[in-house]
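The values are calculated or read from the model by the stated rules, or taken from the named source; none is laboratory data. A quick note: this is a predicted structure, and the numbers were derived from the prediction, not measured. Methodologically, a virtual Cβ is constructed for each residue, glycine included, from the backbone with ideal geometry; neighbour enumeration extends over all protein chains shown.
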There are 2 protein chains.
Amino acid sequence: MANWNDLDKLASYEELRSAKKVDLPQVMAGENGAERVKKYSVPMACNMSFNYAAKAVDEDILGLLKKLAQEAELSDKFKALYNGEVINTGEKRMVLHHLTRGQLGDDVVADGVNKREFYVNEQRRIAEFADKVHNGEIVNGKGEKFTTVVQIGIGGSDLGPRAMYLALEGWARKMGKFMMQAEFISNVDPDDATNVIKKVDLEHSLFILVSKSGTTLETLTNQAFVTDALKKAGLDPSKHMIAVTSETSPLAKSEDFLTAFYMDDYIGGRYSSTSGVGGAVLSLAFGPQTFAEFLEGAAEADRTAAETDPLKNAAMLDALIGFYERNILGYPATAVLPYSQALLRFPAHLQQLDMESNGKSVNRFGEPINYVTGPVIFGEPGTNGQHSFYQLLHQGTDIVPLQFVGFKKSQYENDVVIEGSTSIKKLCANVVAQIVAFACGKDDENPNKRFQGGRPSSIIIGESLDPRSLGALLAHFENKVMFQGFIWNVNSFDQEGVQLGKILAKRVLAHDTEGALAEYASIFEI
Amino acid sequence: MANWNDLDKLASYEELRSAKKVDLPQVMAGENGAERVKKYSVPMACNMSFNYAAKAVDEDILGLLKKLAQEAELSDKFKALYNGEVINTGEKRMVLHHLTRGQLGDDVVADGVNKREFYVNEQRRIAEFADKVHNGEIVNGKGEKFTTVVQIGIGGSDLGPRAMYLALEGWARKMGKFMMQAEFISNVDPDDATNVIKKVDLEHSLFILVSKSGTTLETLTNQAFVTDALKKAGLDPSKHMIAVTSETSPLAKSEDFLTAFYMDDYIGGRYSSTSGVGGAVLSLAFGPQTFAEFLEGAAEADRTAAETDPLKNAAMLDALIGFYERNILGYPATAVLPYSQALLRFPAHLQQLDMESNGKSVNRFGEPINYVTGPVIFGEPGTNGQHSFYQLLHQGTDIVPLQFVGFKKSQYENDVVIEGSTSIKKLCANVVAQIVAFACGKDDENPNKRFQGGRPSSIIIGESLDPRSLGALLAHFENKVMFQGFIWNVNSFDQEGVQLGKILAKRVLAHDTEGALAEYASIFEI
């Protein structure tokens, strides 16, 4: 059994606090900088690598981070998790999203079911369904093929699947794997559903209702919107809709759906992209084989995360460096900056993944903690961000650690040469330039043009963004967040912080309010 | 002439530092909370209001903020700005974006031209052009109408116009003002242009190339992409493209374009949505009248920003409270949370507007300053964010001040009743509930379900999101950022921090590298 201790009980934490800080502009200068770039790199799954040369670490700090990893028993905790221990202590649940894409350890049985088999079986059922939609066995009322798939879901049922869909759209178009256009409805704002319904061809659209509990108010409301619209168009809603839900939810085995696919309580929403929540929409959009490859990439990343030496385990090392920046260097936010337009919504997914998992003020036993936990996460793709908020990142008064992602090839490999270089070379040159500009800075006679440097970044480098590398990238960040949760000794798998707002919103709608709540409600004429 | 002093030279700043802090959960409880909601509200343009009841202020703090506004001469500085003083000291330029939508003070003449007349004339030229496109006077090579407009631009030429387009799309569809679909190409990543080109009907697409200098590398590269694609489709690029640029740029009066519309160096990119940069695409998409209404809303907000009493000037008060949270309470980030799906990219625009303007470490004279300036800005629309990063906002270890925006009506006014309420009522109930949940918190026996509260928020409340209210909302934030720049005594109108990366990227592409830069470049095989 692992020892679940608070961070400030670890001897290595104290040692890290008093360890000498690294002068980043100094160590990144000249040939020493070049040496760091060669040396401070860890191989990742799918031929990617995690380069942390521009992070404010050196051999001493890395040694202490390794010591902390051992003292915090990070590998043992991961092992306990994938072997089915009840890691989600608040809700008393196992945490099994890794099993949706592979099995790292023992068979995990819950409710009398081998969970790996259960997830594989659901993936197979989805694949069969998608194949039938694609080959015209499952069709609309007129016997015509469905051309569009619309996911109705919010939070984890929206952000991850949407980010993954956008990440693979260009790849799929290029590779001839683009089977169906996907759209997404998430917000309870009625304009969201109305806008999507106006845009799609309802007669050839298949809707996926995604809610684990089957009770998410936004999602049920949007289901009603779509059902209404289908009926008004003279269509039978039950022939245009499937569900992804848990077997015990009110949506399971309902006649309102063509069919239902199942997940369970051991997969949190923000960790559900590799379950049916991502599986249905991605298999329909790009084919089951594409989704299978995505899972293989994630499984490969999970295997590297099981490596016990943090210097060979990119997810663990990323977690350790992030903890060091947050708790020792005191930086409150982290920017995620993928140099890939296809990853335009990947930062929004990571924002949920990270902030919902580790934005906690009590440890896994519910006791208050005396140190900061999860940072604010934000980001946009480069080079767009360079023309936006990078000004503050370079010259603002706060230091914001950066996580770059870059690929050597574009998805379409369609390019033009302008001023002697292709666009993809310009893109790569920009991310390289930014790393060095942030780390090293530059002095100037004009103080307006002075760059202090000392702004740390890492970069994940891949060949190209395809289903496998995307799966690996996703799993890398899931595992990073998990390891940071272990370091902070918080429960990364519940989200009690979202409940109070829901309760108060219900009271407002029931006119059961007083004080400020009543007054605000009256301004909004509720 | 105004006195441009650093913040820490102001007596009121010291007074604010030692003033008693407000206990937000306490003052927002019970009837006192209800009183605050009634009292702490400032009317804004276009029938909107700024409610700051849930901010950690009271009469004492507000009195000191008012004193600081006077001591910092905020109103005089705004007056100097709109009367044409050289406020952008770094680049030695006037700051004239307010003149694109109205005139608050004296005639401003530059280069022998009355600038208000110049901007009005460009708006008129754009309106005439848009009318001709809409009524079929300007057509493609086959004599057919253009159906799609594609903006090619990055940073301020992309984020603002894109956010405004998305904000008005639903309104326009509902009101029968939807004239042309708009798409945007921004990133130098070749997949961005390729994806858009694959999706649009090139033969019926009109492209707008937007670059003030006419030298933005991303934009020229993407122009080449589009030109190539048009030629390959047997089309004449010069018949499918217009430019928005400055009169001195290489793009002005070029035969590559159907026509060009002009802006000038007195309008920064992030402040250019109300110039031709936003004007061309919005007038083509939704008609010149819609764009004119958008400008009227912005002009009305500008007039309220000229009010000298901060308690009657929402933009100034918003700026003062934000400064108080940043410099006195020490909060490093701010979340912008519009409860409107149509505002999905408004936070990304504000992220640029705010972080690029005030992410500075030297004052307007180039001298180092001893206090923090612009915070990290991020956000997503509600209710989506509730199912994502709100967990950290509620229960994380850091406090993040919040800026809500909400409207009483949806754009389409298409709705369903589920569980006794419409979606728009649910949306409004949620934002109301969140304000109170964040401010007041809630105790619980289970520490996992405990909410500390004390998390401050303001809300801008409007009737509905239409061109006028959108213009007012945009101008509110532009003016807020401007006032904060005055408080911090920084130059909010340059962006020298983006230059170093550009220089290094050019060196990488020229293979003129050494040390770490060379090593990273070799990993990317540049």
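Set side by side, the residues A:PHE451, A:PHE493, A:PHE524 differ, and just one is more than 7 Å from chain B (Cβ to nearest Cβ) and hydrophobic (A, V, I, L, M, F, W, C), which is A:PHE493.
With the condition kept exactly as written, say whether any residue in the stretch A:465-478 is farther than 30 Å from B:LYS442 by Cβ, touching an Asp or Glu at 6+ places or on another chain (Cβ under 6 Å) and within 8 Å of chain B (Cβ to nearest Cβ). No - not one qualifying residue is present in the stretch A:465-478. For the stretch B:1-29, filtering for residues that are assigned to a helix (DSSP H, G or I) and of a type in the set (D, E, K, R) leaves 5.
Scanning the stretch B:23-49 for residues that are within 16 Å of B:LEU311 (Cβ to Cβ) and more than 12 Å from chain A (Cβ to nearest Cβ) yields B:VAL42, B:PRO43, B:MET44. Could you tell me whether the stretch A:253-264 includes any residue that is surrounded by 24 or more Cβ atoms within 10 Å (Cβ to Cβ), in contact (Cβ under 8 Å) with a residue 40 or more places away in the chain and of a type in the set (Asp, Glu)? No, that holds for no residue.
Among the residues making up the stretch B:120-143, those that are assigned to a helix (DSSP H, G or I) and of a type in the set (S, T, N, Q) are B:ASN121, B:GLN123. Selection of the stretch A:66-77 for residues being among the hydrophobic types (A, V, I, L, M, F, W, C) and either free of Cβ contacts under 8 Å to residues at least 12 places away in the same chain or surrounded by fewer than 24 Cβ atoms within 10 Å (Cβ to Cβ) (or both) yields only A:LEU68. Within the stretch B:375-392, if we keep just the residues that are more than 7 Å from chain A (Cβ to nearest Cβ) and not in a loop (DSSP other than H, G, I, E, B), the residue that is surrounded by the fewest Cβ atoms within 10 Å (Cβ to Cβ) turns out to be B:ILE377.
Among the criteria (1) modelled with pLDDT of 95 or more; (2) over 20 Å from the mean Cα position of the chain (by Cα), the one B:LYS199 does not fulfil is (1).
Mind listing whichever residues of the stretch B:87-102 are part of a loop (DSSP other than H, G, I, E, B) and either among the acidic types (Asp, Glu) or farther than 18 Å from B:PHE291 by Cβ (or both)? B:ILE87, B:THR89, B:GLY90, B:GLU91, B:LYS92, B:MET94, B:VAL95, B:LEU96 - these are the residues of the stretch B:87-102 that are part of a loop (DSSP other than H, G, I, E, B) and either among the acidic types (Asp, Glu) or farther than 18 Å from B:PHE291 by Cβ (or both). Selection within the stretch A:474-503: residues that are crowded, with 23+ Cβ neighbours inside 10 Å and free of Cβ contacts under 8 Å to residues at least 24 places away in the same chain. The member of this set that is nearest to B:GLN452 (Cα to Cα) is A:LEU500.
Let's see how each residue does on (1) modelled with pLDDT of 95 or more; (2) touching a Ser or Thr at 6+ places or on another chain (Cβ under 8 Å); (3) not assigned by TED's automatic domain parsing to the domain that holds B:MET355:
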{"position": "B:ASP236", "(1), (2), (3)": "yes, no, yes"}
{"position": "B:ILE242", "(1), (2), (3)": "yes, yes, yes"}
{"position": "B:ASP256", "(1), (2), (3)": "no, yes, yes"}
{"position": "B:TYR262", "(1), (2), (3)": "yes, yes, yes"}
{"position": "B:THR274", "(1), (2), (3)": "yes, yes, yes"}
{"position": "B:GLY287", "(1), (2), (3)": "yes, no, yes"}
{"position": "B:GLU300", "(1), (2), (3)": "yes, no, no"}
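Of all the numbered requirements in (1) outside the structural domain of B:PHE323 (by TED's automatic domain parsing); (2) touching a Leu at 6+ places or on another chain (Cβ under 9 Å), B:LEU81 misses one, and that requirement is (1). Would a scan of the stretch B:213-230 turn up a residue that is farther than 30 Å from B:GLU413 by Cα, at pLDDT below 95 and more than 12 Å from every other protein chain (Cβ to nearest Cβ)? So far as the stretch B:213-230 goes, yes, one or more of its residues are farther than 30 Å from B:GLU413 by Cα, at pLDDT below 95 and more than 12 Å from every other protein chain (Cβ to nearest Cβ).
Looking only at residues of the stretch B:504-526 that are under 17 Å from A:GLY441 (Cα atoms) and β-branched (Val, Ile, Thr), we find that the one that is surrounded by the most Cβ atoms within 10 Å (Cβ to Cβ) is B:VAL508. Remark: B:SER340 matches the filter, which requires a residue to be among the hydroxyl-bearing types (Ser, Thr, Tyr), in the same structural domain as B:SER49 (by TED's automatic domain parsing) and buried (at least 24 other Cβ atoms within 10 Å of the Cβ).
For the stretch A:407-429, a residue qualifies if it is more than 7 Å from chain B (Cβ to nearest Cβ) and touching a residue at least 40 places away in the same chain (Cβ under 8 Å), and the qualifying residues are A:PHE407, A:LYS409, A:GLU413. Considered as a group, the residues in the stretch B:205-244 that are in contact (Cβ under 8 Å) with a residue 24 or more places away in the chain and over 29 Å from A:PRO381 (Cα atoms) include one that is nearest to the chain's Cα centre (by Cα), and that residue is B:LYS239. Would you check if there is a residue in the stretch B:68-76 being part of a loop (DSSP other than H, G, I, E, B), hydroxyl-bearing (Ser, Thr, Tyr) and in contact with a helix residue (DSSP H, G or I) (Cβ under 8 Å, 6 or more places away or on another chain)? No: the stretch B:68-76 contains no residue that is part of a loop (DSSP other than H, G, I, E, B), hydroxyl-bearing (Ser, Thr, Tyr) and in contact with a helix residue (DSSP H, G or I) (Cβ under 8 Å, 6 or more places away or on another chain). Filtered by the rule that a residue be assigned to a helix (DSSP H, G or I), of a type in the set (Phe, Trp, Tyr) and either modelled with pLDDT under 95 or under 30 Å from A:LEU235 (Cα atoms) (or both), the stretch A:146-176 gives a lone residue, A:TYR165. Looking at the structure I just gave you, is A:ALA437 within 7 Å of another protein chain (Cβ to nearest Cβ) and under 30 Å from A:LYS312 (Cβ atoms)? Criteria met by A:ALA437.
Condition check for A:SER357 on (1) within 23 Å of B:ALA335 (Cβ to Cβ); (2) out of contact with any Ser or Thr (no Cβ under 6 Å at 6 or more places or on another chain): one failure, at (2). Annotation: B:PRO347 fulfils all but one of (1) at the interface with chain A (Cβ under 8 Å from one of its Cβ atoms); (2) within 30 Å of A:ASN327 (Cα to Cα); (3) in a helix (DSSP H, G or I); the unmet one is (1). Identification of strands (runs of 3 or more DSSP E) wholly contained in the stretch B:201-298 with 2 or more residues that are out of contact with any Gly (no Cβ under 9 Å at 6 or more places or on another chain) and more than 30 Å from B:SER464 (Cβ to Cβ) yields B:205-210, B:241-246. Identify all residues within the stretch A:280-303 that are surrounded by fewer than 23 Cβ atoms within 10 Å (Cβ to Cβ) and under 22 Å from A:GLN484 (Cβ atoms); write none if there are none. Hits for the stretch A:280-303 are A:ALA299, A:GLU300, A:ARG303. Checking A:LEU517, A:LEU473 one by one, the residue that is over 30 Å from B:THR89 (Cα atoms) and either modelled with pLDDT under 95 or within 19 Å of the chain's Cα centre (by Cα) (or both) is A:LEU473 and no other. Considering only the stretch A:430-440, I want to know if a residue exists there that is touching a Gly at 6+ places or on another chain (Cβ under 7 Å), surrounded by 24 or more Cβ atoms within 10 Å (Cβ to Cβ), free of Cβ contacts under 8 Å to residues at least 12 places away in the same chain and farther than 30 Å from A:LEU217 by Cβ. Within the stretch A:430-440, one or more residues are touching a Gly at 6+ places or on another chain (Cβ under 7 Å), surrounded by 24 or more Cβ atoms within 10 Å (Cβ to Cβ), free of Cβ contacts under 8 Å to residues at least 12 places away in the same chain and farther than 30 Å from A:LEU217 by Cβ.
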